[in-house]
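Down below is the structure, laid out as structure tokens.
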Amino acid sequence: MQEFQELYEKYSQYVYHFMLKLTNSNPDLADELTQETFFQVYLSLPKYKGDSSILTWICGIAKNICRRHYKKNPITVEFEKIEFEFLRDGEFITMEEKAEQKDMFLRIVQEIMKLKEKYRDVLIYRLFLDMSFHEIAEIMGIKENSAKVIYHRGKNMIRGRMEEYKNE
């Protein structure tokens, strides 16, 4: 019990701020998910093998808690609020072109969700949660350069799939 208390005191604020990013700055939800994370940490602590740092392990639990929450309570992303680098921006476009962009945006999101987990997570963290590569690397337990490489490879995979879609 003492070990858990020390973990909670040391990492609870970090996990809370992590959850704030994942919940789009919703303090009540971030607090709820942080509490759920530490409940799961308490239950799983005897199973921790030390294969990764304790913070990486806790963030993995937090990420899964958040993922489960959004699976049960899906959110909709407002197209206009996302500066998505796969689409044109800064240009005057017609309503028809805007509708086409929204359709393309939805296809891009669908394609991101089909990627392998590491590519999908990095793209979501970077594009939708506006996290730095340093933050992404810390959460995923990888090097910052690896996060950058995974991001660019994932982005290129999506671009390739979009080219195939345009050619259909």
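The values are calculated or read from the model by the stated rules, or taken from the named source; none is laboratory data. Source: prediction; values computed, not measured. Here the Cβ is made from the backbone with ideal geometry for all residues, glycine too, and neighbour counts use every protein chain on show.
Assorted remarks:
- Subset tally (residues that are surrounded by 11 or more Cβ atoms within 10 Å (Cβ to Cβ) and either at pLDDT 65 or above or touching a strand residue (DSSP E or B) at 6+ places or on another chain (Cβ under 7 Å) (or both)) for segment 67-96: 4
- Qualifying positions in segment 1-57 - of a type in the set (S, T, N, Q), part of a helix (DSSP H, G or I) and exposed (fewer than 12 other Cβ atoms within 10 Å of the Cβ): Q2, Q5, Q13
- Restricting the search to helices (runs of 4 or more DSSP H) fully inside segment 112-168 and requiring at least 2 residues that are over 14 Å from the mean Cα position of the chain (by Cα) gives 144-167.
- In segment 1-49, residue nearest to the chain's Cα centre (by Cα) [restricted to those that are touching a residue at least 60 places away in the same chain (Cβ under 8 Å) and under 16 Å from R68 (Cβ atoms)]: L22
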